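The values are calculated or read from the model by the stated rules, or taken from the named source; none is laboratory data. Because the structure is predicted, anything quoted here is derived from the model rather than measured. Positions of Cβ are backbone-derived with ideal geometry, glycine not excepted, and every protein chain shown enters the neighbour counts.
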Amino acid sequence: MAHARPCFFLPVRPFLSRQASCSRILLQYPQKACIARYRLQSTKTDTADPPPNDEVVPDEPSPDLSHLNPPPEDYSRFIFQDKCRVTMHAGSGGHGCVSYLREKYVEEGPPNGGDGGSGGGIYIQTVEGLTSLHKLARRGVLRASRGRNGQGKSKGGKRGDDVLIQVPVGTVVREISRHDPVEEAWARIREEEEASKVSKEEQEMFGNPNDLEGLEDGPRETDEPEFNSIRHDRWVLHPSSKPSDFLMVQFPKSYPRRQNIAAMEPKAPIWLDLSKPMDKPLLLAAGGAGGLGNPHFSTRTMGRPKFASRGEGGMTLELDFELKLLADVGLVGKPNAGKSTLLRSLTNSRTRVGNWEFTTLSPHIGTVITDDMKGRPLVESKARRTHFTIADIPGLVEDAHLDRGLGLGFLRHIDRAGILAFVVDLSHGDPVQELKKLWHELGEYERVRDMDPNSAEDDSVIDWNPFSNEDPEPAKNPFREPSSVTLNTNPDGSLPRLMMTPLHLKPWFVVATKADLENTQDQYRALQEYLSAVQNGLVEHPSGHDKAWKEKICAVPVSARRGEGVSRIPKLVMELLE
Ligand SMILES: Nc1nc2c(ncn2[C@@H]2O[C@H](COP(=O)(O)OP(=O)(O)OP(=O)(O)O)[C@@H](O)[C@H]2O)c(=O)[nH]1
Ligand SMILES: [Mg+2]
């Protein structure tokens, strides 16, 4: 029996060969093919070219020049934000529930309203790998969710979801303002107690309470039960109840409550210096405590209370976040000096390079790996470090302190750098004068920084150490005042000061770039002579300080574009890091 042959009609497209589809793309976008060919050619010719100036530049294998002098389409957009302000709302607590047991043959069951869930808290954690605050800045307002209300059958409400803020290592968090409903309620209660104390004293003295003024304010629930004013902001009433039901009800004194974890909050006002990665989050603001269900208020005289308490409001914090990048080496130089090219030649960074000023508009960090990933160091050092980081910031122009160019704002990112590397262009102007001008701008930056009113508050900075095993001091009073918690204080109770080494005391060296260009030897020689004179104390230190660091000042001639001479820099940095 003959079988009918199955016949399939398949679309032709999926069977098009890969080569055919590629050629179709090339037809559609001919410029792409050109770019690819250009890349191939440029790599070939660049590697074949010998360096023109062999005297200054040490012999080294020439790397792929397209990496150090990249074509424009190689640039990746880098969104960077180093400052932002964010408002955060901790969740408020859910309300307690008014309910009673309902069962067959139980006519008037006991109260069984559940407690409200507590509100979600706000936590912060530093994470390695993050480099910018732009994600946080984009959010603007953060809200932790509210706790759910309690339910009948003694069911407690679900607690609100927390908010975790992840920030880069090196973020400084400062409080701008806070609105804490619990704290405000306590302040009101204290005021009322003061006022009632004064009124009692006056009653005793004059014996005429009718003459007194201003004593009607505030909750007087226990004093005058027959004229109860129901405080709806504190109590949830049974839905079927009428105000007249509460005429004879004596409401208990209700004090604002906090969650127990609120004792872990840092002292107000918040000032945190998060300079290390944290393995667990730190609580910034605990959510409001949940309200209590009606069983909490049953007494011998009132077995079935018709009310439950409301949840507490959550705290609102307005915080300022500032990122101070933590790099071991900070590159300081004029625009177009070749800082970014140097960073690219030393690291895998993809910082933008261009032959015009202000190519770099935001700081970039690159990491130099100094071991071969097999435990063997490529650079011998006593410090046994396997890597160090370099920060490239936008160039400094003359009179940057007068807000010329991009100003001095970015210099705060090299505030914490252990070593300063001055990048001077040998092919453009006098490198000695360039170096002096850069030091002058650094001095001006320090002067402006110290004049900053915020720096006066440095005493209150908490350099939070996530690795310390000491727990924050427990609160003595459960209804604590904000100042009762201290975090990582010194034994004498004072807060540790955030230490910033003055810039002139930091080790520094000079990177003389563009040494491959013609007529740069004389400039380099003059620079070297000047630096040895500074080291021997024959001329004034360019910072103008007598006690400035001048132990091992040197200049490294490099052609960052060809990647030549740059291998001296990791060795030098490792020596200085020791
Ligand atoms: N010949 C030569 N050119 C270099 C060298 N280093 C950098 N350049 C060129 O100098 C120009 C500026 O380099 P960048 O690395 O962007 O300079 P920059 O200091 O980062 O500039 P800004 O970001 O504006 O501050 C680019 O065209 C580089 O190719 C070098 O060693 N030799
Ligand atoms: Mg640059």
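So, restricting to strands (runs of 3 or more DSSP E) that lie completely within the range 119-184, which ones have at least 3 residues that are buried (at least 16 other Cβ atoms within 10 Å of the Cβ)?
Filter on the range 119-184 gives 122-127, 163-168, 171-179.
Return the residue satisfying two criteria in turn: it lies in the range 63-101 and is modelled with pLDDT of 70 or more, assigned to a loop (DSSP other than H, G, I, E, B) and aliphatic (A, V, I, L, M), and of such residues it is farthest from ligand 1 (Cβ to nearest atom).
Here the answer is LEU101.
Anything in the range 354-364 that is of a type in the set (Ser, Thr, Tyr), near ligand 2 (Cβ under 9 Å from one of its atoms) and in contact with an Asp or Glu (Cβ under 9 Å, 6 or more places away or on another chain)? List them, or say none.
Result: THR360, single match.
From SER427, SER455, which residue is polar (S, T, N, Q) and at pLDDT 75 or above? Break it down stepwise before answering.
Details: SER455 fails: at pLDDT 75 or above.
Just one listed residue meets the conditions, SER427.
Restricting to the range 536-574, name every residue that is part of a helix (DSSP H, G or I) and either modelled with pLDDT under 85 or over 21 Å from ALA515 (Cβ atoms) (or both).
Residue satisfying the conditions is MET574 alone.
Does the range 102-118 contain any residue that is among the aromatic types (Phe, Trp, Tyr), more than 16 Å from GLY313 (Cβ to Cβ), assigned to a loop (DSSP other than H, G, I, E, B) and at pLDDT below 95?
The initial filter retains those residues of the range 102-118 that are among the aromatic types (Phe, Trp, Tyr), namely 105.
Keeping just the survivors that are more than 16 Å from GLY313 (Cβ to Cβ) gives 105.
Within this subset, residues satisfying the condition of being assigned to a loop (DSSP other than H, G, I, E, B) are 105.
Checking which are at pLDDT below 95 leaves us with 105.
Within the range 102-118, one or more residues are among the aromatic types (Phe, Trp, Tyr), more than 16 Å from GLY313 (Cβ to Cβ), assigned to a loop (DSSP other than H, G, I, E, B) and at pLDDT below 95.
Residues are listed down the side, and each one gets a yes or a no for (1) farther than 26 Å from THR386 by Cβ; (2) free of Cβ contacts under 8 Å to residues at least 24 places away in the same chain:
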residue: ALA512; (1), (2): yes, no
residue: LEU517; (1), (2): yes, no
residue: GLN523; (1), (2): yes, no
residue: LEU538; (1), (2): yes, yes
residue: CYS554; (1), (2): no, no
residue: VAL573; (1), (2): no, no
residue: GLU578; (1), (2): no, no
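In the range 319-353, which residue that is within 30 Å of TYR123 (Cα to Cα) and touching a His at 6+ places or on another chain (Cβ under 7 Å) is farthest from ligand 2 (Cβ to nearest atom)? Explain how you work it out, then say what you get.
Taking the range 319-353 as the starting set, the residues that turn out to be within 30 Å of TYR123 (Cα to Cα) are 319-328.
From the residues that got through so far, the ones that are touching a His at 6+ places or on another chain (Cβ under 7 Å) too are 324-325.
Values: LYS324: 20, LEU325: 15 Å.
Top of the filtered list is LYS324.
Please specify each residue of the range 320-336 satisfying the condition of being near ligand 1 (Cβ under 8 Å from one of its atoms) and basic (Lys, Arg).
LYS334
Could you grab me the full set of residues in the range 146-173 that are farther than 23 Å from LEU319 by Cβ and of a type in the set (Gly, Ala, Ser)?
GLY150, GLY152, SER154, GLY156, GLY157, listed by residue number.
Of the residues that make up the range 355-371, is at least one over 26 Å from the mean Cα position of the chain (by Cα) and either within 28 Å of SER177 (Cβ to Cβ) or away from ligand 1 (no atom under 16 Å from the Cβ) (or both)?
yes
Which numbered condition trips up THR351, out of (1) in contact with an Asp or Glu (Cβ under 8 Å, 6 or more places away or on another chain); (2) of a type outside the set (A, V, I, L, M, F, W, C); (3) part of a strand (DSSP E or B); (4) buried (at least 17 other Cβ atoms within 10 Å of the Cβ)?
For THR351, the failing item is (3).
Against the definition (over 21 Å from LYS83 (Cβ atoms), at pLDDT below 75, more than 14 Å from ligand 1 (Cβ to nearest atom) and acidic (Asp, Glu)), how does ASP399 come out, yes or no?
So ASP399 passes the test.
State all residues of the range 337-348 that are within 15 Å of ligand 1 (Cβ to nearest atom) and assigned to a loop (DSSP other than H, G, I, E, B); if no residue qualifies, say none.
First pass over the range 337-348, keeping only residues within 15 Å of ligand 1 (Cβ to nearest atom): 337-347.
Across the range 337-348, the qualifying residues are ALA337, GLY338, THR347.
Do any residues in the range 333-347 that are farther than 10 Å from ARG561 by Cα and in contact (Cβ under 8 Å) with a residue 12 or more places away in the chain have Cβ atoms under 7 Å from those of residues that are near ligand 1 (Cβ under 6 Å from one of its atoms) and aromatic (Phe, Trp, Tyr), where the two are at least six apart or on different chains, and which pairs are they?
Pairs found: PRO335/PHE358.
VAL511 passes all but one of (1) within 16 Å of ligand 1 (Cβ to nearest atom); (2) modelled with pLDDT under 90; (3) buried (at least 18 other Cβ atoms within 10 Å of the Cβ); (4) not in a helix (DSSP H, G or I); which number fails?
Going through (1) within 16 Å of ligand 1 (Cβ to nearest atom); (2) modelled with pLDDT under 90; (3) buried (at least 18 other Cβ atoms within 10 Å of the Cβ); (4) not in a helix (DSSP H, G or I) one by one, VAL511 breaks only (2).
So ILE270 ticks every box in (1) within 16 Å of ligand 2 (Cβ to nearest atom); (2) under 21 Å from LYS135 (Cβ atoms) but one. Which box is left unticked?
The single condition ILE270 does not satisfy is (1).
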